[in-house]
Amino acid sequence: MRSPKPEGPGRRLELDDYMEDFGRYFWDCGPEGFWKLERQQTFQEPGVESWEAFHRGDWEEALSLLEGQRGHYESYFRRIRGHGFALHRVRCVAEPLSPYLQWELHLLRLKAEYGERTRVLRKDTFRRYEARGTLPEIVVLGSSVMYEVLYDDEGKLAGGIRFDDPHDISEARLAIQEMHEYGEPLGDFFSERVAPLPPPDVAREQV
């Protein structure tokens, strides 16, 4: 099995620099597209209204706020298609689902309705890729650049490590593509494992 872990050295970017750098390259992903690997089961997303509602225990409001984002995502993915690329995501999922992941899977299902190509990799499959340690959070933007996305101890976005070596970028993209093929459609997983769940117990949320 291929590993998405880059072999060469990268350059650490603090949060503001990472956000600026990411924004500079995102819209030029080209035909290779955007590939994201998400391994961590819990994050914090302060400033995201739906996440804020989920975090304070208002599940109905969290879902209502997601529904209110349909117009935004319709426009966003139309713009992405206009730039000639697509978004692909591999979401590693361990069960029982963390409260955060239960919320995020509702968000990812919404994004998938407008064009994000997300597949779920269950624990028995993604663990096969972890002989060298826990998988990193990786984003590959076309053939130009890739990042290992970094989070602080509370699960908040903290910056990234940028990699420019063409071999590392190609290998990471191929590894994530392989995982994507092994994964199952988000819609099928959602219907079977997420939709029947009661509202998440935020009190047990841990990073």
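Under a Cβ-Cβ cut-off of 14 Å, what is the net charge of the residues other than PHE163 that fall near it, where Lys and Arg count +1 and Asp and Glu count -1?
On the way: positive: LYS5, ARG11, ARG12, ARG162, ARG173; negative: GLU7, ASP21, GLU137, GLU148, ASP164, ASP165, ASP168, GLU171.
Result for the local shell: -3.
Remark: MET146, MET179 ranked as MET179, MET146, counting other beta-carbon atoms within 10 Å and listing the fewest first.
Could you point to the residue in LEU121, TYR18, TRP103 farthest towards the positive end of the chain's charge dipole, with +1 and -1 charges on the Cβ of Lys/Arg and Asp/Glu respectively? It is LEU121. Ranking GLY155, ALA203, LEU141 by Cα position along the charge dipole of the chain, where only Lys, Arg, Asp and Glu carry charges on their C-beta atoms, puts LEU141 farthest toward the positive end. Rg over Rh for segment 85-125 works out to 0.99, using Cα positions for both radii and the Kirkwood form for Rh.
Using a simple charge model, +1 on the beta-carbon of Lys and Arg, -1 on the beta-carbon of Asp and Glu, nothing else, what dipole does the chain show about its Cα centre, in debye to the nearest 20? Intermediate results must be reported in sequence, preceding the final value.
Details: 28 positive and 39 negative charges, 134 e Å.
It works out to roughly 640 debye.
Can you give the relative contact order of segment 61-207 as a percent, counting alpha carbon pairs under 8 Å and 6+ residues apart? It would help to have the intermediate numbers written out before the result.
On the way: 147 pairs, mean separation 37.7, N = 147.
It comes to 26 percent, rounded to a whole number.
Taking 0.36 nm per residue of separation and subtracting the Cα-Cα distance, full extension of the segment from ASP153 to GLU113 would add 11.2 nm.
The ranking of ILE138, ILE176 by Cβ neighbour count inside 10 Å, starting from the fewest, reads ILE176, ILE138. Under 5 Å between amide hydrogens, built in the peptide plane, is the criterion, and for LYS156 it picks out GLN44 among residues at least 5 positions away or on other chains. Centre-to-centre separation between the Cα atoms of segment 1-72 and those of segment 104-160: 8 Å.
For a paramagnetic label modelled at 7 Å from the Cα of GLU184 toward its Cβ, which residues of segment 1-36 fall within the zone defined by backbone nitrogen distances under 15 Å? Residues passing the 15 Å test: none.
Bear in mind that the values in this text are calculations on the coordinates, not laboratory data. Please read these numbers as outputs of a predicted model, since none were measured by experiment. Neighbour counts are summed over all protein chains in view; Cβ atoms, including those assigned to glycine, are modelled from backbone coordinates with ideal geometry.
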